[in-house]
Amino acid sequence: MLLELKNIKKQFKNNHVLKGIDLSVEKGEVIAIIGPSGSGKTTLLRNINFLETADSGSMLFREQQIDLAKPTKKQILWARRHMAMVFQNYNLFKNKTALKNISEGLVFGQNKSKTEADELACQALDQVGLLGKKDFYPSQLSGGQQQRIGIARATVLNPDIVLFDEPTSALDPELVGTVLHDMKTLADKGQTMIVVTHQMSFARNVASRVAFFSDGEILEEGRSDEIFDHPQHERTQQFLSAIAEDY
Amino acid sequence: MKLSKVIISLLHGLPTTLILLAFSFIFANLIGLGLAWLYLRRNPIANGFARGYLGLVRGTPPLLMLLLAYYGLPKLFLLVGIDINGWAKLIFGIAGLAIGWSAYLAEAFRSAYLSVDAGQYEAALVVGMDTKQAFLRIIMPQAFLIALPNIENLLIGLVKATSLVYVIGIVDMYSTAVDLSNQNQGVYQLEIFVILALIYWVVVLLIEWGFRRFRKHYQYVTV
Ligand SMILES: Nc1ncnc2c1ncn2[C@@H]1O[C@H](COP(=O)(O)OP(=O)(O)OP(=O)(O)O)[C@@H](O)[C@H]1O
Ligand SMILES: [Mg+2]
C-alpha cells in the first residue's frame, strides 16, 4: 500500500466538510474522485498535502505514519517532497518562465543543481511539445499550455503520487483533450494519481477505481465499470444520470 | 546677474537635494519593510506597534515631521546618553523624510503582499519549497511588482518633499532659489522659479523613465 488514509475529519466552523474519509491507494493506481460541488473533494486533497490541517485522521504514506491533525514540520516537508499537485487554475508561478516553473521544484525541493534542473525541465517541456515556449511567462500561454506545464512541473519531481484537482475544469472545451491526453500518458506509464474530476469519460476509461463523494463522505467506491454500470446508491445514480450527457 | 549664473547656483544645490532624496528613500524603504513585516505578524505587540507608528506618522505633515526630527531626535538620543546635537543638519533632514515616507511605503508593501494570489504560495509549497523559499522566490518578487506603481508615486512625492528641508536650515536647491530671489530684489524672480521647476521636472522625468524601463523588462509578469 502506497497511501492509506484513515478516518479524516475536517470542519470549517460548523460546516463538517469531511466526515471520516478512508481511502487506500496502491502503487500505480489511478483513483478518480467524483461527486457534487461542495462535497469536500478539494478539501480532501488539500488535507493530504497539508495545505489544510485535518481535525483528526491519519495517513500512512511510504510506510511512514503521520497524524494528519498534528504533523511535524519535517513530516510536512517530507510528504510534500514525495507528492505533487496539479491545480484547477494551474497556479503557475507568474514571475517565472515556463522552464523555471518546472525547474524550481527540482532546485529548491530536491537540491538539484541549476543546470541539471534546467535540463530535466527542458526534457519535460519537450515531452509535452512545449519546448519552444520555454522562455514564455504564464501570461503568454493559453490555459491548456499552462496546465500542461502545470502537469510537467508536478511530474518532473518524480513523485510517488500526483494529486489532480479538476485539472480541466478551467479550460476551454477544445483544450481539454490535450490535457487529458497528457494525463492518460502518465497513467499508462504507471504514475499513481488521485484525480478529482468532472470528466466522466476520464474517470470511466482511465481510472482504475472511482470514489463517489457526497456530503463529506465516500458514499460508494469501486472499480470504475462497477460504479458507472451498476451504481449501488441512489445518490450515485442520480449524480451519474444528471451528468449523463458528458460520457 | 546673468541667467546662466542663476542656473549654476541652482545646480549647486542639486547634489544636496539628490543626497536627501537617495538616502531618505533608502532608509524609508528599509524602515517600511520592517514595519510591514511587523504589521503582518499575528503577535499583538508587533502588530500594535506597527499600527501605532503608521497612524501617528501618516497623520503628521512632512514639514512638521522635519521639525520634530530636528528638535526631537537629539532629546530622544540624550535619554539613552548619546549626544547627537552636533550631527549635520542633513542627517536630520534625511531622518525626518525617511520616517515620514516609511509609513506610506509600509502600507504599499503590506497591501502588495496581501494581494499576491494565495495559490502562488501553495504552488510553491507543493513543489517542495519551505516557507522561507516560497516567500523569497515567489511571493516577494510578485509583491514587489504589485507595489511598484505605489513606490514610484511615493518617490516622486519625496522629490518634492525634499524642498521642505529649508525649515531646518538645510541649503538645497529650493532654499538656494529663495535666497537668489531675495538677493536680486525681484529681478529674474519668475525665471528663477521656472528654472527651479524645470530642474525638479527633469529629476522626476528621469525617475519615471527608470521605472518605465523596469516595467518593460517585466511586462509579461502579470501579477
Ligand atoms: N478555507 C475554507 N474555509 C471555509 N470553508 C471552506 C474552506 N474550504 C472549503 N470550504 C467549504 O467546504 C465545503 C467543501 O468544499 P470543497 O472545495 O472541498 O468542495 P468540492 O467538492 O471540491 O467542490 P467543487 O466540485 O465545487 O470544487 C464547501 O462547503 C466549502 O464552502
Ligand atoms: Mg473542488
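The values are calculated or read from the model by the stated rules, or taken from the named source; none is laboratory data. The structure presented is a predicted model; accordingly, all values stated were derived computationally and were not measured. Cβ sites come from the backbone with ideal geometry, for glycine too, and all protein chains shown count toward neighbours. Heavy atoms of the whole protein, side chains included, go into the accessibility calculation; ligands, DNA and RNA do not. Shrake-Rupley method; radii C 1.70, N 1.55, O 1.52, S 1.80 Å.
Taking the three principal axes of the alpha carbon atoms in chain A, the coordinate ranges are 52, 44, 33 Å, sorted in descending order.
Relative protection proxy for A:54-61, B:55-62, from highest mean packing down: A:54-61, B:55-62 (other beta-carbon atoms within 10 angstrom).
Dimensions of segment B:50-97 along the principal axes, based on C-alpha atoms and rounded to the nearest Å, stand at 30, 22, 13, largest first.
Placing a label point 7 Å from the Cα of A:Asp67 along the Cα-to-Cβ direction, none of the residues of segment A:1-29 has a backbone N under 13 Å of that point. The charge dipole of the protein assembly as shown, taken about its Cα centre with unit charges on the Cβ atoms of Lys, Arg (+1), Asp and Glu (-1) only, comes to about 1780 debye.
With all protein chains kept in place, the per residue accessible area of segment B:3-217 amounts to 53 square angstrom at a probe of 1.4 angstrom.
The tail of the calculated P(r) for the protein assembly as shown beyond 35 Å holds 49 percent of all Cα-Cα pairs. Across segment A:26-145, the fraction of Cα-Cα pairs farther apart than 23 Å, rounded to a whole number, is 46%.
Here the accessible area of segment B:1-120 is 71 percent carbon and sulfur, with a 1.4 angstrom probe and all protein chains present.
Could you work out the relative contact order of chain A, using alpha carbon pairs under 8 angstrom and six or more residues apart, expressed as a whole percent? Before the final figure, lay out each step's value.
On the way: 456 pairs, mean separation 63.1, N = 247.
Reported relative contact order: 26 percent.
Within a 10 angstrom radius of each residue's Cβ in A:82-94, how many Cβ atoms of other chains show up on average? Whole number is fine.
Values: counts 1, 2, 3, 5, 2, 4, 1, 2, 2, 9, 3, 10, 13.
So the per-residue partner count for this stretch is 4.
Ordering B:Val223, A:Ala98, A:Ala152 by Cα displacement along the dipole of the protein assembly as shown toward the positive end leaves B:Val223 in first place; charges were set at the Cβ atoms of Lys, Arg (+1) and Asp, Glu (-1).
Leaving out ligands, DNA and RNA, and with a 1.4 Å probe, what % of the accessible surface on segment B:159-223 is carbon or sulfur? Please list the in-between numbers first.
Numbers: 2410 of 3900 Å².
After summing per-atom areas, the C and S share lands at 62 percent.
What is the sum of charges around A:Gln237, taking Lys and Arg as +1, Asp and Glu as -1, for the other residues whose C-beta is under 14 Å from the C-beta of A:Gln237? Numbers along the way, then the final one.
On the way: positive: A:Arg235; negative: A:Glu220, A:Glu226, A:Asp229, A:Glu234.
Result for the neighbourhood of A:Gln237: -3.
Take the accessible area of B alone and of A alone, subtract that of the pair with a 1.4 Å probe, and the total buried over both chains is about 2200 Å². If you add up the charges near A:Asn91, with Lys and Arg at +1 and Asp and Glu at -1, over every other residue whose beta carbon is less than 15 angstrom from its beta carbon, what do you get? Local net charge: +3. Solvent-accessible surface of segment A:150-209, taken per residue with a 1.4 Å probe and all protein chains present: 35 Å². Each part gets one Cα centre, and for segment B:70-87 versus segment A:70-101 those centres are 51 Å apart.
Peptide B:130-143 has a mean of 3 when you count, residue by residue, the C-beta atoms of other protein chains within 10 Å of its C-beta. Note on segment A:84-195: Kirkwood hydrodynamic radius from all Cα pairs is 13.7 Å, rounded to one decimal. The tail of the calculated P(r) for chain B, taken as Cα-Cα distances beyond 33 Å, holds 30 percent of the pairs. The coefficient of translational diffusion for segment B:1-127, derived via Stokes-Einstein from the alpha carbon Kirkwood radius under 10 °C and 1.306 mPa s, stands at 93 µm²/s. The charge dipole of chain A, taken about its Cα centre with unit charges on the Cβ atoms of Lys, Arg (+1), Asp and Glu (-1) only, comes to about 1120 debye.
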